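A.B. asks: Got a structure here, written out as structure tokens. Questions coming.
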Amino acid sequence: MKTTIKRNWLIGMMIILMIFSAFTGVAQESTLPKSVIDKMEKVVDANAEYVQDIYKDIHEHAELPFMEFRTAGVVERELKKLGFEVHTEIGITGVVGILRNGDGPVLMYRGDMDALSIKEETGLPYASKQVVTNREGEEVPVSHMCGHDANTTFLIGLAHTMVEMKDQWAGTLVLVAQPAEEIVEGAQAMVDDGLYTKYNVPKPDYFLAQHTGPAPVGTITTTPGRIMTGTTHMDVTFHGIGGHGSSPHHAKDPVVMAGMAIVQLQTVVSRYTDPNEVAVLTIGSVQAGKDHNVIPTEAHLKLKLHFSNEETMNKMIKGIHDIVNSIALANDVPEEMMPTITQSGFGPAVYNDEDFINRIRSVTENVDFVNNRIDDFVSSGSEDAFALIDGLKNVKGAYLFLGGVTAEEFAQAQKEGKEFPFFVHEPYYHVSMEGITFGTKTAALIALDILQK
């Protein structure tokens with residue numbers, strides 16, 4: 001009698017645990033057949049030289065945010081050639097390709113296209129020599145020192161692979177070539193331009209983005225939960241009354257006000273926000289005046305905010321307004337000349353869905369080309385990719401960092417006492433040809449797993 005009760009109790013507990021696992025995502029394991037993985041690798045390897053040449057071309061012809069017309073043209077050309085339904089000029093330069101392949105989930109993959117105002121010093125034969133006039137009217141060098149050329153190439157490589165393997169998956173693949181990530185405006189611009197309304201782009205069930213990093217090829221981050229902060233930009237202009245440097249009593253000096261703000265704005269983090277939350281306020285630019293003996297009429301500050309959630313962001317913004325306006329009032333600035341404060345660009349904090357990440361962990365355990373998985377990577381940096389799905393319900397999102405340098409490059413850097421051979425936004429940043437193939441394979445592996453029949 002007691003044995004029967006114990007047996008029934010154990011069976012009941014096993015059933016409960018199985019049900020619990022199904023609902024909590026603990027049992028999120030890949031069932032992608034090895035034959036499909038092997039075929040995918042062969043397809044990617046066969047296309048490797050072609051895809052690598054696309055990377056070199058995009059790298060050499062780097063373009064600034066919202067000026068990625070040539071890069072967008074490359075994406076459009078490749079997707080149309082492969083039979084995708086293609087929409088262009090979304091949010092100025094954004095491109096979307098849609099490939100429907102029967103019933104199944106919708107997977108959206110995002111690659112960003114823009115470069116930076118940095119003079120490249122890699123010495124590569126395909127190094128960027130681009131010099132353009134930016135949106136502020138300044139002549140600047142342009143180069144892909146953050147790897148967005150690779151991110152866009154992964155998207156194109158994924159497109160080629162999924163078309164060649166259409167018999168192995170079912171569902172809808174949506175590829176988004178996004179502009180202006182560096183100024184965290186491009187994703188929101190695409191949404192505001194009618195990504196899901198005017199252009200009727202299918203809303204995703206799964207959302208995936210990848211970004212290169214200066215770690216060895218074969219490295220992938222698979223961290224659940226928050227991996228990056230949210231971000232926004234603030235511009236502050238103090239208005240004053242100009243005058244002669246010898247007679248400051250006849251002026252209201254905006255430079256002094258800006259100087260006071262530089263110091264007092266540091267209290268936004270220390271006194272306005274919860275110490276348990278992430279909050280960073282950086283003043284990246286101070287601009288005022290031209291001459292030694294002239295008190296200017298304006299002084300400008302450019303602020304960059306990082307935060308763990310929107311509540312913290314709102315507290316920071318309130319603190320900025322409180323401090324800036326109080327400084328102006330203390331300097332007897334009239335009401336009609338109070339500071340101008342504007343906000344631009346937004347990227348929500350990036351949270352990796354635990355079920356999706358568990359699925360990615362599972363499928364990457366079955367391949368040799370992933371040899372270093374990092375499950376606890378968290379960055380104070382930001383991205384606007386998740387603005388593409390911000391506010392959408394039931395979307396499982398994942399953002400992965402991938403190693404892009406060769407093992408030899410990395411080992412040499414370590415031998416020289418460096419943490420990395422180079423870092424993002426440095427003039428030597430680049431992605432190896434091995435890294436291009438690696439990023440294409442990880443994207444295709446995950447896509448085939450999610451969309452498998």
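The values are calculated or read from the model by the stated rules, or taken from the named source; none is laboratory data. Note that the structure is a prediction, hence the values are computed from the model and not measured. Heads up, the Cβs are rebuilt from the backbone with ideal geometry, glycines too, and the neighbour counts pull from every protein chain shown.
A.B. asks: Kindly list the number of the only condition in (1) touching a residue at least 12 places away in the same chain (Cβ under 8 Å); (2) outside the structural domain of Gly435 (by TED's automatic domain parsing) that fails for Thr212.
C.D. replies: The failed condition is (2).
A.B. asks: Based on what the data block shows, is Tyr50 more than 30 Å from Lys203 (Cα to Cα) and either over 18 Å from the mean Cα position of the chain (by Cα) or surrounded by fewer than 24 Cβ atoms within 10 Å (Cβ to Cβ) (or both)?
C.D. replies: Numbers: more than 30 Å from Lys203 (Cα to Cα): yes; either over 18 Å from the mean Cα position of the chain (by Cα) or surrounded by fewer than 24 Cβ atoms within 10 Å (Cβ to Cβ) (or both): yes.
Yes.
A.B. asks: Output yes when any residue across the stretch 141-151 is buried (at least 24 other Cβ atoms within 10 Å of the Cβ), part of a strand (DSSP E or B) and either on the phi < 0 side of the Ramachandran plot or aromatic (Phe, Trp, Tyr) (or both), and no when none is.
C.D. replies: Taking the stretch 141-151 first, the residues buried (at least 24 other Cβ atoms within 10 Å of the Cβ) are 143-145, 147-151.
Checking which are part of a strand (DSSP E or B) leaves us with 143.
This time we only want the ones that are either on the phi < 0 side of the Ramachandran plot or aromatic (Phe, Trp, Tyr) (or both), so: 143.
Scanning the stretch 141-151 turns up at least one residue that is buried (at least 24 other Cβ atoms within 10 Å of the Cβ), part of a strand (DSSP E or B) and either on the phi < 0 side of the Ramachandran plot or aromatic (Phe, Trp, Tyr) (or both).
A.B. asks: Identify all residues within the stretch 157-169 that are among the charged types (D, E, K, R) and touching a residue at least 40 places away in the same chain (Cβ under 8 Å); write none if there are none. Outline the logic, then answer.
C.D. replies: Residues of the stretch 157-169 that are among the charged types (D, E, K, R), as a first pass: 164, 166-167.
Glu164, Lys166 - these are the residues of the stretch 157-169 that are among the charged types (D, E, K, R) and touching a residue at least 40 places away in the same chain (Cβ under 8 Å).
A.B. asks: Another question about this same structure. Testing Leu99 on (1) in contact with a strand residue (DSSP E or B) (Cβ under 6 Å, 6 or more places away or on another chain); (2) at pLDDT below 95, one condition comes back false. Which one is that?
C.D. replies: So the condition that Leu99 fails would be (2).
This table checks each residue for (1) crowded, with 18+ Cβ neighbours inside 10 Å; (2) within 30 Å of Asp253 (Cα to Cα); (3) over 20 Å from the mean Cα position of the chain (by Cα); (4) not assigned by TED's automatic domain parsing to the domain that holds Gly111.
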{"position": "Asp322", "(1), (2), (3), (4)": "no, yes, yes, yes"}
{"position": "Leu329", "(1), (2), (3), (4)": "no, yes, yes, yes"}
{"position": "Pro339", "(1), (2), (3), (4)": "yes, yes, yes, yes"}
{"position": "Asp375", "(1), (2), (3), (4)": "no, no, no, no"}
{"position": "Gly381", "(1), (2), (3), (4)": "no, no, no, no"}
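A.B. asks: Same structure again: So which residues in the stretch 186-239 are over 24 Å from Ala443 (Cβ atoms) and among the aliphatic types (A, V, I, L, M), if there are any at all?
C.D. replies: Selection gives Met234, Val236.
A.B. asks: Continuing with the same structure: Of everything in the stretch 433-453, what is closer than 13 Å to Ser30 by Cβ and either charged (D, E, K, R) or free of Cβ contacts under 8 Å to residues at least 12 places away in the same chain (or both)? Give them in sequence order.
C.D. replies: Asp449
A.B. asks: Considering only the stretch 192-212, how many residues are over 26 Å from Gly83 (Cβ atoms) and surrounded by 21 or more Cβ atoms within 10 Å (Cβ to Cβ)?
C.D. replies: 2
A.B. asks: When you scan the stretch 248-260, how many residues do you find that are farther than 21 Å from Lys304 by Cα and either part of a loop (DSSP other than H, G, I, E, B) or in contact with a strand residue (DSSP E or B) (Cβ under 8 Å, 6 or more places away or on another chain) (or both)?
C.D. replies: The total comes to 5.
A.B. asks: Then there is this: Checking Gly25 against (1) at positive phi; (2) modelled with pLDDT of 95 or more: exactly one of these is not met. Which one?
C.D. replies: Exception for Gly25: condition (2).
A.B. asks: OK, next. Those residues that are within 22 Å of Lys198 (Cα to Cα), of a type in the set (Asp, Glu) and out of contact with any His (no Cβ under 7 Å at 6 or more places or on another chain), I need them from the stretch 71-123; list them, please.
C.D. replies: Scanning the stretch 71-123 gives Glu76, Glu85, Glu89.
A.B. asks: Another question about this same structure. Could you run through the stretch 387-409 and say how many residues are assigned to a helix (DSSP H, G or I) and either crowded, with 23+ Cβ neighbours inside 10 Å or outside the structural domain of Leu445 (by TED's automatic domain parsing) (or both)?
C.D. replies: 2
A.B. asks: Considering only residues that are out of contact with any helix residue (DSSP H, G or I) (no Cβ under 9 Å at 6 or more places or on another chain) and within 17 Å of Val255 (Cα to Cα), look in the stretch 294-320 and name the one that is surrounded by the fewest Cβ atoms within 10 Å (Cβ to Cβ).
C.D. replies: Val294
A.B. asks: Are there any pairs, at least 6 apart or on different chains, whose C-beta atoms fall under 7 Å, with the first in the stretch 128-156 and of a type in the set (Phe, Trp, Tyr) and the second in a strand (DSSP E or B) and modelled with pLDDT of 95 or more, and if so, which?
C.D. replies: Sorted first by the residue in the stretch 128-156, then by its partner, the pairs are Phe154/Gly111; Phe154/Gln210.
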